[in-house]
1. State in Å² the accessible area per residue of the chain; use a 1.4 Å probe, count heavy atoms of protein chains only, and round to the nearest integer.
2. Could the peptides 389-396, 350-357, 177-184 be put in order, highest first, of the mean number of other beta-carbon atoms found within 10 Å of their residues?
3. Rounded to the nearest 0.05, what FRET efficiency do residue 298 and residue 235 give with R0 = 22 Å and r taken as the Cβ-Cβ distance? Could you check?
4. Show me the ranking of peptides 360-369, 13-22, 34-43, 146-155 by mean Cβ neighbours inside 10 Å, starting with the highest.
5. Taking 0.36 nm per intervening residue step and subtracting the Cα-Cα distance, what contour gain separates residue 376 from residue 351 on full extension?
6. Which FRET efficiency, nearest 0.05, do residue 216 and residue 1 yield, Cβ-Cβ r, R0 51 Å?
7. Would you mind telling me the antiparallel percentage of the DSSP bridges in the chain, rounded to 5?
8. Kindly provide the Kirkwood hydrodynamic radius of segment 190-231 in Å, to one decimal, from all pairs of distinct alpha carbon atoms.
Amino acid sequence: MKALDGIKVLDFTHVQSGPTCTQLLGWFGADVIKVERPHVGDATRKQLVDKPGADSLYFTMLNHNKRSIELDSKNATGKAVLTRLIEESDVLVENFAPGALDRMGFGWEAVHEINPRLIMASIKGFGAGKYADCKVYENVAQCTGGSASTTGFLDGPPLVTGAQIGDSGAGLHLCLGIVTALFQREKTGKGQRVSVAMQDAVLNLVRVKMRDQQRLAVGALKEYSQHGAGIPFGDTTPRAGNDSGGGQPGKILKCKGWEDDPNAYTYFIIQEAVWGNVCDLIGEAAWKTAKGYATLPERLDKLDEIFARIEEWTQTKTKFEVLEACNPLDIPVGPILSMKELAEDEALYATGTMVEVDHPERGAYLSVGCPIKLSASPAEVVRAPLLGEHTEEILRDLGYSNEDINKISASGAIGEKSCV
Ligand code: CAO
């Protein structure tokens with residue numbers, strides 16, 4: 001048994017943000033039915049193609065544990081089938097451009113009337129307001145949600161991050177909203193709307209930078225190395241490079257081999273509780289008691305000098321030797337792991353965080369499995385569906401006969417399918 005066994009999800013999502021959400025629901029055990037335009041499908045099926053003719057990794061890695069139905073939701077017969085699907089579903093998830101669902105005739109009022117128990121969950125780029133009509137992609141959300149302005153180095157331009165906080169971040173937020181709405185429905189029997197704006201999701205994830213925005217009003221952000229460098233702060237949270245910016249100063253430092261290996265670096269945190277251990281490790285025992293170094297507030301204007309000294313030490317070790325030396329001393333460090341190293345990390349396969357999946361068109365490929373581990377509902381990764389692979393099966397589940405399916409096919413609503 002899986003946590004969401006018996007929950008039917010009508011998956012009207014595409015690209016990355018929505019599919020991330022419905023993939024999670026599938027991993028938790030929901031029956032996720034992905035509705036795709038006949039012959040076309042989710043655009044990502046044919047984006048970044050690495051094997052001609054096969055669905056791309058872009059698509060397959062975001063659409064595990066789903067069934068696919070080809071259905072034209074603008075065709076009259078297709079609309080009738082969609083109405084049947086809505087009647088049978090618990091959740092409808094979509095991330096179309098603003099207004100697209102209304103133009104199809106399946107806006108909130110319409111679906112709520114068809115099935116008052118249905119939870120309708122949507123991702124848009126922005127919430128209500130002046131930008132509500134905009135189409136939005138990942139980096140637009142990172143820029144408009146405050147992340148880009150606070151990422152990068154002080155003397156460089158704003159920077160987007162590789163973590164897909166706009167798309168996958170919005171998908172995660174939406175998933176939590178859906179499960180919460182399902183929980184509330186247990187008590188009320190009623191569905192509701194769940195909405196997540198990508199801008200809001202990003203802003204939530206850079207909440208600490210809004211904290212710093214307010215602290216600026218009362219003076220310098222002393223945990224930023226900018227303070228020690230004597231560079232004045234302006235009126236907005238600055239880019240802080242690799243500073244932690246939190247209560248425990250940290251920085252990315254070079255390790256042995258950095259000249260040739262772009263990832264021979266470690267993150268190094270000088271946690272207050274183990275300051276003495278850090279001093280002993282790098283051969284600066286005098287700093288433990290020296291005026292200007294002994295306590296964190298005294299040290300804040302010397303972070304660059306202190307990290308430069310620690311880096312002299314880290315450069316004598318590989319990033320893994322740094323970890324081995326620091327871990328027993330409770331000094332938190334993080335080797336910079338490349339995608340290649342992660343793809344080869346056996347421990348991640350043992351927990352199911354990395355998986356190898358077989359696919360009829362692609363053969364075996366690697367994917368990231370479910371990062372949320374439920375002890376009584378372990379996720380098993382099932383390959384992504386081919387376009388329309390389950391059209392007939394889903395129509396039969398709805399009670400349609402061979403004759404019905406032939407008629408639906410003849411209407412053009414599901415592409416060419418014939419049943420004898
Ligand atoms: N049958 C018939 N028509 C269908 C269909 C189906 N099964 N599925 C989709 N369509 C139609 C839609 O109704 C829409 O038609 P109209 O514009 O005529 O109403 C059309 O396909 C295109 O949908 P779209 O506008 O959502 O797609 P797009 O490629 O133009 O825009 C995106 C993509 C992502 C920018 C936009 O969907 C969006 O802003 N979504 C919300 C924010 C979001 O999730 N962004 C993250 C994307 S990942 O980086």
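1. 48
2. 389-396, 177-184, 350-357
3. Working from the Cβ atoms, E equals 0.20.
4. 13-22, 34-43, 146-155, 360-369
5. 7.5 nm
6. For R0 = 51 Å, the calculated efficiency reads 0.50.
7. Bridges in the chain that DSSP calls antiparallel: roughly 35 percent.
8. Every distinct Cα pair counted, the radius reaches 12.9 Å.
The values are calculated or read from the model by the stated rules, or taken from the named source; none is laboratory data. No experiment lies behind these values; they were computed from the predicted model shown. Positions of Cβ are backbone-derived with ideal geometry, glycine not excepted, and every protein chain shown enters the neighbour counts. Please note that ligands, DNA and RNA were not included when accessible areas were found on the heavy atoms of the full protein model with its side chains. Shrake-Rupley method; radii C 1.70, N 1.55, O 1.52, S 1.80 Å.
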